[in-house]
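A short write-up of the structure that comes next.
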Amino acid sequence: MTNWRNKEWMQRARCANGDGPDFFDRSLDVVVEAKAFCVRCPVWMHCLNYAIRVIDADCGEKVALDRGVWGGMDGSERVRIRRARANAVREET
């Protein structure tokens, strides 16, 4: 389990030095470019989980759409993952 307060993984991110597209631009071509950039990142899974558990956790679904591309997924994709995880937890209980 990842300790979400420890963000050392961010230093290993492909975008850590500021390279890459604007991950918060919502235009389709830039979103596609950002997702493609993330594919080759060694910590994309940490990034995606961080966004789902921390970045998007304190906002409603509409706000999540404006939170950019994290771990190769945009806000709408992360919302679907959060819903699926919540449904899985409900089904287990």
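The values are calculated or read from the model by the stated rules, or taken from the named source; none is laboratory data. This is a predicted model, so every value here is computed, not measured. Here the Cβ is made from the backbone with ideal geometry for all residues, glycine too, and neighbour counts use every protein chain on show. For the accessible areas, the whole protein counts, side chains as well, though only heavy atoms, and no ligand, DNA or RNA atoms are used. Shrake-Rupley method; radii C 1.70, N 1.55, O 1.52, S 1.80 Å.
Scanning the stretch 26-61 for residues that are modelled with pLDDT of 95 or more and aromatic (Phe, Trp, Tyr), we see that the one that is most open to solvent (accessible area, probe 1.4 Å) is Trp44. Kindly provide the set of residues from the stretch 1-20 that are touching a residue at least 24 places away in the same chain (Cβ under 8 Å) and open to solvent by less than 80 Å² (accessible area, probe 1.4 Å), ordered by number. Listed by number, the residues that qualify are Thr2, Trp4, Trp9, Met10, Ala13, Arg14, Cys15. Here is a check on your reading of the model: is Val32 touching a residue at least 12 places away in the same chain (Cβ under 8 Å) and of a type in the set (A, V, I, L, M)? So Val32 does not fit the description; no.
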